[in-house]
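The values are calculated or read from the model by the stated rules, or taken from the named source; none is laboratory data. Nothing here was measured: the structure is a model prediction, and the numbers come from that model. With ideal geometry, Cβ positions are generated from the backbone for all residues, glycine too; neighbour counts draw on all protein chains shown. Areas reflect the complete protein model, heavy atoms only, side chains present, ligands, DNA and RNA absent. Shrake-Rupley method; radii C 1.70, N 1.55, O 1.52, S 1.80 Å.
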Amino acid sequence: MIGIHDIERAAARLQGQLLATPCVESRTLSDIVGAQVFLKFENLQFTASFKERGACNKLVDLAEAGVRGVVAMSAGNHAQGVAYHAQRLGMKATIVMPRFTPGVKIERTRGFGAEVVLHGDTLDAARAHAFELAERDGLSFVHPYDDEAIIAGQGTVALEMLDAVPELDTLVVATGGGGLISGMAVAARARKPGIEIVGVQTSRFPAMVNAVKGTHHAQGSNSIAEGIAVGTPGVLTQEIIKALVDDMLLVEEGDIEQAVLMLLEIEKTVVEGAGAVGLAALLRHPDRFRGKKVGLVLCGGNIDPLLLAAIIERGMVRAGRLARVRVSSRDVPGMLARITTTVAEAGANIDEVHHQRAFTMLAAQNVEIELVLQTRGREHLAAVLAALRQSGFEAEEQH
């Protein structure tokens, strides 16, 4: 098992090679979840992820050993970390990615000079192909998490967090293959033995929870937290987690969506699904963390813009700030104008209008009008519906 000396050596090596990201309190999130919440902004790294810490540490090892070419498997963040630091060190990098990888991660990886190979629909399929390329082309395989140098590099996150906020009593860490949490656990236990360390996985990919707890949660096929959608937990990382991590929690996709949106709205920071699971755990299990000083790692910010747009829109729907309303009325001239005037006077904005005459059970002389409205929230939406009914229209929200 790696020790604190390996992580301190990695920290010295990484100095000046990447950003010592801020770790600051979010007073608003603290008020919402009932715990004192400190955020470690690893999404501010040059490649927008903590992954370049481990990648840089490992590649320096390989460069010192005379290696000139590497191959890696990744859904994106490890890929970018390896590609970027390989380019800096004058090494050739080949990256194997599953076909479902978001386009933003593929293009950024290519932008760092790596050759990208898209293969398979899962991380496991991509990993097998990467091993084949390593053997065929004589390349050194850089594992995304099950490697001591990688784990040591990731552990530097905990050193920086405890240097910035020594009073932290709990760390909540996203867990896929386990590289980040295992490195952080080794560092944190050495620096502050009594600290509580909690891992978080999406319920769709609970492989590490199953391995550590002996549970048999079913595995899904996709997640918005694709950065931790790992079907096979690491061997090294699994042993460290069993020995040093206090608890493992599961969160749902809806929790992750809500956390992404809250970080965007409250902290004005963009995180990907995996980067939001720590906050999702505080939202899902508030009693578990109430009153504690909790450190969360915003471990990545590489989210597809279209996915982010969908999360924002779905969040607005859940909050009642974007609503679909069905209004029924007589199909006579001026009726639509009366409806839109009523909505405007109630203070809502109309996004879309759809007339429905044929596909309705209303009488032939009636029309069904569907409005998509922007409102200030649930109370305002209720007021808009009340105003329509007071004007003589049948109006109801559509779900």
Fraction of accessible area attributable to carbon and sulfur, the stretch 94-210 (%, probe 1.4 Å):
50
Using 1/(1 + (r/R0)^6) with R0 = 22 angstrom and r between the beta carbons of A20 and T269, what's the FRET efficiency to the nearest 0.05?
0.80
Name the residue from V142, T28, G301 whose Cα lies farthest towards the positive end of the charge dipole of the chain, charges +1 on Cβ of Lys and Arg and -1 on Cβ of Asp and Glu.
T28
Any idea what angle helix 51-64 forms with the longest principal axis of the chain, computed on alpha-carbon atoms, 0 to 90 degrees, nearest 10?
20
With all protein chains present, calculate the accessible area of S182 using a 1.4 Å probe and round the result to the nearest 10 Å².
0
So how much accessible area does R204 have, in Å² to the nearest 10, using a 1.4 Å probe?
100
Ignoring ligands and nucleic acids, what accessible area does I95 show with a 1.4 Å probe (Å², nearest 10)?
0
If each residue of separation counts as 0.36 nm, what is the full-extension length gain between L118 and S30 once their alpha-carbon separation is subtracted?
27.6 nm
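So, for the chain, what is the accessible surface per residue at a probe of 1.4 Å, expressed in square angstrom?
On the way: 16600 Å² over 399 residues.
Roughly 42 Å² per residue, with all protein chains present.
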Rank-order 58-69, 41-52 by packing density, defined as the average count of other C-beta atoms within 10 Å over each peptide's residues, highest first.
41-52, 58-69
At what distance in nm do the modelled label points of N366 and A218 sit from each other, each positioned 7 Å from its Cα along Cα→Cβ?
4.1
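Percent of accessible area on the stretch 241-399 owned by carbon and sulfur, 1.4 Å probe? Walk me through the numbers before you get to the answer.
Working: 3960 of 7780 Å².
After summing per-atom areas, the C and S share lands at 51 percent.
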Report, in degrees rounded to the nearest 10, the 0 to 90 angle that the Cα long axis of helix 273-284 makes with the longest principal axis of the chain.
70
Between Q87 and I4, what is 0.36 nm times their sequence separation minus the Cα-Cα distance? Round to one decimal in nm.
27.0 nm
In nm, what is the difference between 0.36 nm times the number of residues separating E132 and R338 and their Cα-Cα distance?
67.4 nm
222 nm mean residue ellipticity, helices alone, for the chain (DSSP H n ≥ 4; -39,500 (n - 2.57); rounded to 500)
-14000 deg cm²/dmol
Can you flag which of K58/K105; K51/K293; K40/K293; K51/K213; K213/K293; K105/K268 are past 23 Å Cα-Cα?
K51/K293; K51/K213; K213/K293
